[in-house]
Amino acid sequence: MQNMKSMFGMKGDAHASSEDLDRTADRAKQTARLLEEAEENFKAELMAKNEEMTAMSAALQDMQEQLLTEKRTQSVLDDQVEEAKLEVRQREEEAEELRKRAKDLQGDITELEQSIQTVVRRGTSGTSSREG
């Protein structure tokens with residue numbers, strides 16, 4: 001009890017004076033106001049942090065959506081690259097086949113030219129033997 005009396009500024013008397021009680025009440029009111037202000041400040045800070053977290057969550061969600069969109073785009077581009085590579089391979093194979101065909105045709109042309117020259121020589125030699 002003695003500790004409580006000294007804590008509130010009371011004297012050791014059995015009865016505190018009206019002035020002591022008023023001071024104690026004023027200190028209690030001041031402490032209550034400080035606690036209310038601290039609580040309001042805490043609530044304001046908490047709300048600000050909550051708004052900040054909400055904004056960060058929204059930004060993160062946007063970034064995740066952008067990443068997903070970019071992954072889809074990358075997948076489409078990868079598919080297009082694979083299709084293009086396949087088309088290039090097919091065209092290279094076609095070009096190789098055309099080169100082989102051209103080589104075969106060149107061989108056929110060479111054979112025909114040789115045949116024509118042989119026929120022309122025979123015809124020329126047959127004509128000169130008839131003339132003589």
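The values are calculated or read from the model by the stated rules, or taken from the named source; none is laboratory data. Predicted, not measured: the structure shown is a model, and the values here were computed from it. Note: ideal-geometry Cβ built from the backbone for every residue, glycine included; neighbour counts use all protein chains shown. These area figures cover heavy atoms from the full protein model, side chains too; ligands, DNA and RNA do not enter into them. Shrake-Rupley method; radii C 1.70, N 1.55, O 1.52, S 1.80 Å.
In segment 19-132, the portion of solvent-accessible area held by carbon and sulfur atoms comes to 55 percent [1.4 Å probe, whole percent, DNA, RNA and ligands not counted].
Here segment 43-107 is treated as a sphere whose radius is the Kirkwood value from Cα pairs; by Stokes-Einstein at 37 °C and 0.692 mPa s it diffuses with a coefficient of 197 µm²/s. The share of Cα pairs per 5 Å bin across segment 12-132, counted from zero up to the longest distance, runs 2, 7, 5, 6, 4, 5, 4, 4, 5, 4, 5, 3, 4, 3, 3, 3, 3, 3, 3, 3, 3, 2, 2, 2, 2, 2, 1, 1, 1, 1, 1, 1, 0, 0, 0 percent.
If you wrap segment 25-78 in the convex hull of its Cα atoms and look at it from every side, the mean projected area works out to 3.3 nm².
A crude spin-label estimate for the pair Ser57 and Glu82, with each label 7 Å from Cα along the Cβ direction, gives 3.8 nm. From the residues Gln64, Thr118, Val81, which one has its Cα farthest along the dipole of segment 54-131 in the positive direction, the dipole being from +1 and -1 charges on Cβ of Lys/Arg and Asp/Glu about the Cα centre? Sorting the options by dipole projection puts first Thr118.
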